[in-house]
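Readers should treat all values here as calculations from the given coordinates under stated rules, not as data from a laboratory. Since the model is a prediction, treat every value here as computed from it, not as a measurement. Glycine gets a Cβ as well: all are built from the backbone with ideal geometry, and neighbour counts include every protein chain shown.
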Amino acid sequence: MKQTTSSTIFPAPPDGAADALLSWFSENKRDLPFRRPGETTRADPYRVWISEIMAQQTQIDTLIPYFERFIAVFPTLKDLAEASEEAVLKLWEGLGYYSRARNLRKAAIQIQALGDFPDTAKALAKLPGIGPYTAGAVASLAFNQKAAAVDGNVLRVVSRLMDSPADTALPAVRKAISAWLLTWMPEDRPGDFNEALMELGALVCTPKSPSCLICPWRDVCLALKNGTIGERPVKSKRMKHRTEKIAAAIVTDAAGRLLIHRRPSNGLLAGLWELPNVTNSKESAAALKRYLESVLDTTVSDPVFIKNGRHVFTHITWQIAVYQLPLHSSATLKSRDWVFADRDDLKTRYPLPTAFSKLLA
DNA sequence: AAACCGGGGCG
DNA sequence: CGCCCAGGTTT
């Protein structure tokens, strides 16, 4: 008997949907560096984990070079657990959401202490940086455990298959879809099933202009049948935006080294390095000069305006005025959060967010 | 439940 | 250039 305790938000999936999906996947799956078989597992859990954390914020094609570099520097869990935070951040430079890099290292240390890589969604979810999605993804893709892994791709694919008007921004809807997927996930192939759902979302059931004509579900998809593909999935959340004016300084010493500052260990771009700057000041050039004089404990020349820049985050737009201040007298730096960095160290050592690195280009 | 956390791709 | 994309943590 099937589903005596059904009560999920959807009725049973269309007949043959699982078989059609798995057949399509076996013929169309991409050969990706984190999908090669593990020694004793479906895939290497360390690689799956790293790739899933990276995939949370980046499309696969963009992520691959980062992944390859990361694995080259930290080939094993042990290498990552023994790395410095700054070394991990440097490899993460340009990917954004830097707390994920810090959590990656913390979790590596915890897994080392455990001895074995956690192999259930429940155990994985205890690690920093691993929530419901990543826990399910690693458990199923690496260990073939029966667990849901509902990301944006899966929400879209499922919403369209069932022509669901449910708001996928709501945690309750995500939970309901997870529970529903478990009711028809093939017992012996959770990893293939989850990976196939995500691959379908990435290659065929894309957000805009999906390739419905070649979709394995073209005959059973309810949104396609009802002409509502463009309206699925339904998502409610919208966020506000604010603008900040930043005055940033390019300060070089007599040797041509660049003055940089480490940001605080919490908040936006935590722990990354930046050009010295002041925010939302009316007399920005004068404020910048005062700021630098207090930091360097010496008088500096008047800032010379160079150019304007602009950087857009999800919730903030920075309007950046860039000034130059060459130093001729020597300056004393008060803390390890201030450095004169030469060109080579800037490239290899200090993680600089895109907002600033593009100003120097 | 809502706010915070970044950068890249695309039309 | 405006618009879109996502999952985990913190408040």
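Each peptide in A:225-232, A:86-93 receives the mean, over its residues, of other Cβ atoms within 10 Å, and ordering these scores from highest gives A:86-93, A:225-232.
Quick one: length gained pulling A:Gln112 to A:Thr314 fully straight, 0.36 nm per residue minus the C-alpha distance? Don't skip to the answer; put the middle values down first.
On the way: separation 202, 0.36 × 202 = 72.72 nm, distance 3.49 nm.
Computed gain between A:Gln112 and A:Thr314 is 69.2 nm.
Taking the Cα centre of the range A:150-266 as origin and assigning +1 to Lys and Arg Cβ atoms and -1 to Asp and Glu Cβ atoms, the resulting dipole is close to 800 debye.
Per-residue packing, averaged as other Cβ atoms within 10 Å, sorts the ranges A:328-340, A:47-59, A:346-358 into the order A:47-59, A:346-358, A:328-340, beginning with the highest. The distance between label points at A:Asn103 and A:Asp188 comes to 3.6 nm (points 7 Å beyond Cα on the Cα→Cβ vector).
Mind running the shape call on the range A:242-360? Use the C-alpha gyration tensor, a ≥ b ≥ c as the square roots of the eigenvalues: rounded below 1.5 for a/c, prolate if a/b tops b/c, oblate otherwise.
Working: a/c = 1.60, a/b = 1.20, b/c = 1.33.
The shape class here is oblate.
Among the listed pairs A:Lys78/A:Lys122; A:Lys237/A:Lys282; A:Lys29/A:Lys237; A:Lys126/A:Lys208; A:Lys106/A:Lys347; A:Lys78/A:Lys334, a Cα-Cα separation exceeding 29 Å is found for A:Lys237/A:Lys282; A:Lys29/A:Lys237; A:Lys126/A:Lys208; A:Lys78/A:Lys334. Each of A:Pro14, A:Pro210, A:Ile320 was scored by the projection of its Cα onto the charge dipole of chain A, and the greatest displacement toward the positive side belongs to A:Ile320; charges sit on the C-beta of Lys, Arg, Asp and Glu. Charge dipole of chain A (Cα centre as origin; +1 on each Lys and Arg Cβ, -1 on each Asp and Glu Cβ, all else neutral): 1000 debye, rounded to the nearest 20.
Counted by neighbouring Cβ atoms within 10 Å, the residues A:Val150, A:Val234 run from fewest to most as A:Val234, A:Val150. In this calculation the C-beta distance from A:Asp302 to A:Val234 is compared with R0 = 45 Å, giving a FRET efficiency of 0.25.
Computed extension length for A:Lys225-A:Arg35: 65.0 nm, one decimal, from 0.36 nm per residue of separation with the Cα-Cα distance subtracted.
When only alpha carbons are used to place a centre, the range A:176-244 and the range A:90-145 end up 24 Å from one another. Fully extending the segment from A:Asp61 to A:Ser357, taken as 0.36 nm per residue of separation minus the present Cα-Cα distance, adds 104.3 nm.
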